[in-house]
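See structure below.
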There are 2 protein chains.
Amino acid sequence: MNAWINGRNSTRIDYRDRGLQYGDGVFETMRVRRGQVRLVEYHLERLYAGCRQLKIAGPSLLALRRELVRIAALRSEGVLKLIVTRGSGRRGYRPTGRERCTRIIALHALPKTVLTDGPTPVRVRLCATPLGLNPRLAGLKTLNRLESVVARAEWQDARIWEGLMLDVDENIVCGTMSNLFLRSGSSLMTPVLDRCGVAGVMRRWILETAGDLRLNPVERRIRWQDLSEAEEVFMSNAVVGLRSVGVIERGRERLRHSAFETANRLRKRLDLL
Amino acid sequence: MNAWINGRNSTRIDYRDRGLQYGDGVFETMRVRRGQVRLVEYHLERLYAGCRQLKIAGPSLLALRRELVRIAALRSEGVLKLIVTRGSGRRGYRPTGRERCTRIIALHALPKTVLTDGPTPVRVRLCATPLGLNPRLAGLKTLNRLESVVARAEWQDARIWEGLMLDVDENIVCGTMSNLFLRSGSSLMTPVLDRCGVAGVMRRWILETAGDLRLNPVERRIRWQDLSEAEEVFMSNAVVGLRSVGVIERGRERLRHSAFETANRLRKRLDLL
């Protein structure tokens, strides 16, 4: 069994857990490489930032990090998912402040395509499902992920790797499971996530690494027009790393990109981690 | 044990259930009176409307109604909670369409205050946590309830019964667990829920019953100004029915209302159900 609930090998949680009842929790999906969790400190920082924002008393940081390290070592390559919920409580939305959090850790095999497909540019499409404006929860990776589910259910075509999501004002915010980057000259742009969207750890790593590649990182509102004017477009995700975007579909319209050097350079640096 | 999962007496669900992983499901909280589920058809209609919107293949309607009736009969007065999730799936947001839904039914005691406090006007406050704009999920009672949790965590004062929530444009939308009504003359107003909020079954019953009381129901945008101009304000919820609002707090400001006749008349009709 590859799942641990509060440290015990198990696959069962109490139906009263607020993670199920209300989506009252946060999660991280991490890449295991050579038996280690990539960017583990970034994942832990975001997890605890989410707990603080939701006033969830999270697990002990040192014990949690130890547990992640120990479990990651069970596989050379894999995907490690961590969920922290507020735990079980009484009926009703109100947290009493006395709940004990539930932590769920699951270790999965790495999808084979992650190792083989990295440098191949992907096709993405524009989704019709908008991301709701939600300044209070923006950037966090909470268990309230229905918008991503509904957006991801929009297409079946396996050749399309990802869907781009707009906010209700038609700004492009992120993919269903990834963040978006546009390069024009030495400017590296990514949507600002102050109103909705998830601030990925790979996005953070890219923004922090951009300077080393003489790129100037900018967070701002991104429109469809910006995608067509960009010289290079790519997407990021903690598990897959970076994927260059070759084609963007909006209905029958196609935007094509053929510059991939920034994503390739970043991917090489990422491989060194 | 007062919980049934897929028809079996149990309190444990699989951690891979998409209800936990993503909040991928819907729920109903129902009032049991004299061993029967009040407004059961309205609850079932909303539940299946939510399933349709999320493309969840729900349980058989006839079997589910039979199960609710059978379980409700175990208590004279109570609260019956029904959760339907998309069920367990593979990793990733995408539903395959082959998931088998999970249904969770739990029967709880009725909080004593529900029977004793009905006619007493309540104090409510304005919450700082906004409701995100989300036209695609507006009106549905999905398992993505973090906004309600965060709003409900804003206050500890037990004398405050409910918090009113604004959308990001400062329209008043609903309470954390209830819907809002304002009466002026024969006009009965309630916030329109096309962009966010949950469309309660008690709200529906009130809108459908208003005509019998020679009230003219109107769904529209409601502002703070409307609350101060209204002759009467009350809130509704499937479990408690209707509660008149006596005081509304916004910071140090207090709005006071002393007309309760519409809520009282509606409550009398509701008691006949």
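All of B:103, B:125 fail the test of being modelled with pLDDT of 95 or more, touching a Gly at 6+ places or on another chain (Cβ under 6 Å) and assigned to a strand (DSSP E or B), apart from B:125.
Would you confirm whether any residue within segment A:11-23 is within 13 Å of chain B (Cβ to nearest Cβ), surrounded by fewer than 19 Cβ atoms within 10 Å (Cβ to Cβ), of a type in the set (Ser, Thr, Tyr) and closer than 26 Å to residue B:149 by Cβ? Yes; the residues of segment A:11-23 include at least one that is within 13 Å of chain B (Cβ to nearest Cβ), surrounded by fewer than 19 Cβ atoms within 10 Å (Cβ to Cβ), of a type in the set (Ser, Thr, Tyr) and closer than 26 Å to residue B:149 by Cβ. In segment A:34-62, the qualifying residues are those that are among the hydrophobic types (A, V, I, L, M, F, W, C) and within 18 Å of the chain's Cα centre (by Cα), and the one that is farthest from residue A:237 (Cα to Cα) is A:51.
Residue by residue, here is whether (1) within 20 Å of residue A:129 (Cβ to Cβ); (2) in a helix (DSSP H, G or I); (3) hydroxyl-bearing (Ser, Thr, Tyr); (4) more than 11 Å from chain A (Cβ to nearest Cβ) holds:
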{"position": "B:80", "(1), (2), (3), (4)": "no, no, no, yes"}
{"position": "B:91", "(1), (2), (3), (4)": "no, no, no, no"}
{"position": "B:96", "(1), (2), (3), (4)": "yes, no, yes, no"}
{"position": "B:108", "(1), (2), (3), (4)": "no, no, no, no"}
{"position": "B:113", "(1), (2), (3), (4)": "no, yes, yes, yes"}
{"position": "B:119", "(1), (2), (3), (4)": "no, no, no, yes"}
{"position": "B:129", "(1), (2), (3), (4)": "no, no, yes, no"}
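Look at residue B:144 and say whether it is modelled with pLDDT of 95 or more, on the phi < 0 side of the Ramachandran plot and under 16 Å from the mean Cα position of the chain (by Cα). Considered against the rule, which asks whether it is modelled with pLDDT of 95 or more, on the phi < 0 side of the Ramachandran plot and under 16 Å from the mean Cα position of the chain (by Cα), residue B:144 comes out as yes.
Of everything in segment A:131-150 that's part of a strand (DSSP E or B) and more than 7 Å from every other protein chain (Cβ to nearest Cβ), which residue is farthest from residue A:84 (Cα to Cα)? Give the derivation first.
At the first step, the residues of segment A:131-150 found to be part of a strand (DSSP E or B) are A:131, A:133, A:139, A:142.
Going one step further and asking which of them are more than 7 Å from every other protein chain (Cβ to nearest Cβ), we end up with A:131, A:139.
On the way: A:131: 23, A:139: 17 Å.
Restricting to residues being part of a strand (DSSP E or B) and more than 7 Å from every other protein chain (Cβ to nearest Cβ), the top hit is A:131.
Assessment of segment B:31-44 against the conditions (surrounded by fewer than 20 Cβ atoms within 10 Å (Cβ to Cβ), within 14 Å of another protein chain (Cβ to nearest Cβ) and in a loop (DSSP other than H, G, I, E, B)) yields no matching residue.
If you go through segment B:106-147 and keep only what is among the hydroxyl-bearing types (Ser, Thr, Tyr) and over 23 Å from residue B:73 (Cα atoms), you end up with B:120, B:129, B:142. Total residues in segment B:76-100 satisfying the condition of being at pLDDT 95 or above and surrounded by fewer than 18 Cβ atoms within 10 Å (Cβ to Cβ): the figure is 3.
Does segment B:151-172 hold any residues that are under 16 Å from residue B:191 (Cα atoms), outside any loop (DSSP other than H, G, I, E, B) and either in contact with a Ser or Thr (Cβ under 9 Å, 6 or more places away or on another chain) or of a type outside the set (D, E, K, R) (or both), and which are they? It would help to see each step written out before you state the result.
Just the residues of segment B:151-172 that are under 16 Å from residue B:191 (Cα atoms), to begin with: B:163-172.
After this cut, where a residue has to be outside any loop (DSSP other than H, G, I, E, B) as well, the list is B:163-167, B:172.
Answer for segment B:151-172, where residues must be under 16 Å from residue B:191 (Cα atoms), outside any loop (DSSP other than H, G, I, E, B) and either in contact with a Ser or Thr (Cβ under 9 Å, 6 or more places away or on another chain) or of a type outside the set (D, E, K, R) (or both): B:163, B:164, B:165, B:166, B:172.
Checked against the criterion of being closer than 27 Å to residue B:142 by Cβ, touching a residue at least 12 places away in the same chain (Cβ under 8 Å) and outside any loop (DSSP other than H, G, I, E, B), the candidates A:68, A:47, A:64 yield just one match: A:47.
The values are calculated or read from the model by the stated rules, or taken from the named source; none is laboratory data. It should be emphasised that the depicted structure is a prediction, and the values quoted were computed from it without experimental measurement. All Cβ positions, glycine included, derive from the backbone under ideal geometry; neighbour counts span all protein chains shown.
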